[in-house]
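Visitor: Before anything else, here's the structure in question.
The values are calculated or read from the model by the stated rules, or taken from the named source; none is laboratory data. If you're wondering where the values come from, they're calculated on a predicted model, not measured in any experiment. Cβ placement follows ideal geometry from the backbone for every residue including glycine, while neighbour counts extend to all protein chains displayed.
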Amino acid sequence: MQKTVGILALQGAYQKHADILSLLGVQSMLVRRPEHLHDCAALILPGGESTSISLLIQKYELAPAIKKLAETRPVMGVCAGMVLMASEVNDTHVQPLALAPMRVQRNHYGRQLHSFTAELELAFDATPYRAHFIRAPAVESIGNDTKILACVKNQPVMVQYGQHLALSFHPELTHDTRIHQYWLKHVKQQ
Ligand code: GLN
């Protein structure tokens, strides 16, 4: 049976992940309730507004099911999704899911106006990657077992904890599918 990747679809930029996965021949489904996670081999926490997504996660009682899935299955957190994956966040309006041992600062790179693109050196590929940052968070500190895969000005913007990936930028906003492909290797390995 083909593996299905869940995409948390409570708020934010979830649809474009479905488009990229479909381009890569991977089946996906939108996740809005805990029972939807039963059929998922992995999960994407998309960008958006981490405060709103956090409230909706509480409203629909999704946190225990997401944490359970993350014990054995890969999660990719993008921007607001990275904030949600953290163990600590500098904003009490967000209840992070603690899927990776890292402290994250919301809106580190400023407001919408300060969105930018940056050429990244990826730890797993020699060709540079143009990344899109939108009100992006920064990783302030990480646990020992967390690998840094890319940085902007010495600040980690892509980290890996086991099979989980957390990104400050939006890989669904470019035609370059290498980030999704890198993470999907973990999905296929299961
Ligand atoms: N600044 C947003 C937050 O912390 C994230 C922005 C994004 O996902 N593009 O909620």
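Visitor: Restricting attention to the stretch 52-82, which residues are farther than 23 Å from His186 by Cβ and either surrounded by fewer than 20 Cβ atoms within 10 Å (Cβ to Cβ) or among the basic types (Lys, Arg) (or both)?
Guide: Of everything in the stretch 52-82, those that are farther than 23 Å from His186 by Cβ and either surrounded by fewer than 20 Cβ atoms within 10 Å (Cβ to Cβ) or among the basic types (Lys, Arg) (or both) turn out to be Ser52, Leu55, Leu56, Gln58, Lys59, Tyr60, Glu61.
Visitor: Any residue in the stretch 140-162 that is among the aromatic types (Phe, Trp, Tyr) and in a loop (DSSP other than H, G, I, E, B)?
Guide: No - not one qualifying residue is present in the stretch 140-162.
Visitor: Another question, then. Please give the strands (runs of 3 or more DSSP E) falling wholly within the stretch 26-118 in which 3 or more residues are touching an Asp or Glu at 6+ places or on another chain (Cβ under 8 Å), closer than 21 Å to Glu172 by Cβ and touching a residue at least 12 places away in the same chain (Cβ under 8 Å).
Guide: none
Visitor: Just to check your reading of the model, which residue among Leu45, Leu30 is out of contact with any Pro (no Cβ under 6 Å at 6 or more places or on another chain) and crowded, with 16+ Cβ neighbours inside 10 Å? Even if it seems obvious, please write down each step before you answer.
Guide: Working: Leu30 fails: crowded, with 16+ Cβ neighbours inside 10 Å.
After ruling out the rest, the residue left standing is Leu45.
Visitor: Out of all the residues in the stretch 140-179, which are of a type in the set (A, V, I, L, M) and in contact with a strand residue (DSSP E or B) (Cβ under 6 Å, 6 or more places away or on another chain)? Give the steps one after another, and end with the answer.
Guide: At the first step, the residues of the stretch 140-179 found to be of a type in the set (A, V, I, L, M) are 142, 148-150, 152, 157-159, 165-167, 173, 179.
Ile142, Ile148, Leu149, Ala150, Val152, Val157, Met158, Val159, Leu165, Ala166, Leu167, Leu173 - these are the residues of the stretch 140-179 that are of a type in the set (A, V, I, L, M) and in contact with a strand residue (DSSP E or B) (Cβ under 6 Å, 6 or more places away or on another chain).
Visitor: Which condition breaks for Tyr129 when tested against (1) more than 16 Å from Gly6 (Cα to Cα); (2) assigned to a strand (DSSP E or B); (3) touching a helix residue (DSSP H, G or I) at 6+ places or on another chain (Cβ under 7 Å); (4) within 16 Å of the ligand (Cβ to nearest atom)?
Guide: (4)
Visitor: Taking the stated definitions as given, is Phe116 over 19 Å from Tyr14 (Cβ atoms) and hydrophobic (A, V, I, L, M, F, W, C)? Break it down into steps so the answer makes sense when it comes.
Guide: Working: over 19 Å from Tyr14 (Cβ atoms): yes; hydrophobic (A, V, I, L, M, F, W, C): yes.
Yes.
Visitor: Any idea which of (1) over 16 Å from Ala13 (Cβ atoms); (2) within 11 Å of the ligand (Cβ to nearest atom); (3) at pLDDT 95 or above; (4) not hydrophobic (A, V, I, L, M, F, W, C) is the one Gly110 doesn't satisfy?
Guide: Condition not satisfied by Gly110: (3).
Visitor: Let me ask another. Just name the residue that is farthest from the ligand (Cβ to nearest atom) out of those in the stretch 51-78 that are farther than 25 Å from Val26 by Cβ and among the polar types (S, T, N, Q).
Guide: Gln58
Visitor: Restricting the search to the stretch 132-155, which residues are within 16 Å of the ligand (Cβ to nearest atom) and either surrounded by fewer than 16 Cβ atoms within 10 Å (Cβ to Cβ) or within 16 Å of the chain's Cα centre (by Cα) (or both)?
Guide: If the condition is that a residue be within 16 Å of the ligand (Cβ to nearest atom) and either surrounded by fewer than 16 Cβ atoms within 10 Å (Cβ to Cβ) or within 16 Å of the chain's Cα centre (by Cα) (or both), then His132, Phe133, Ile134, Arg135, Ala136, Pro137, Ala138, Val139, Gln155 are the ones that fit.
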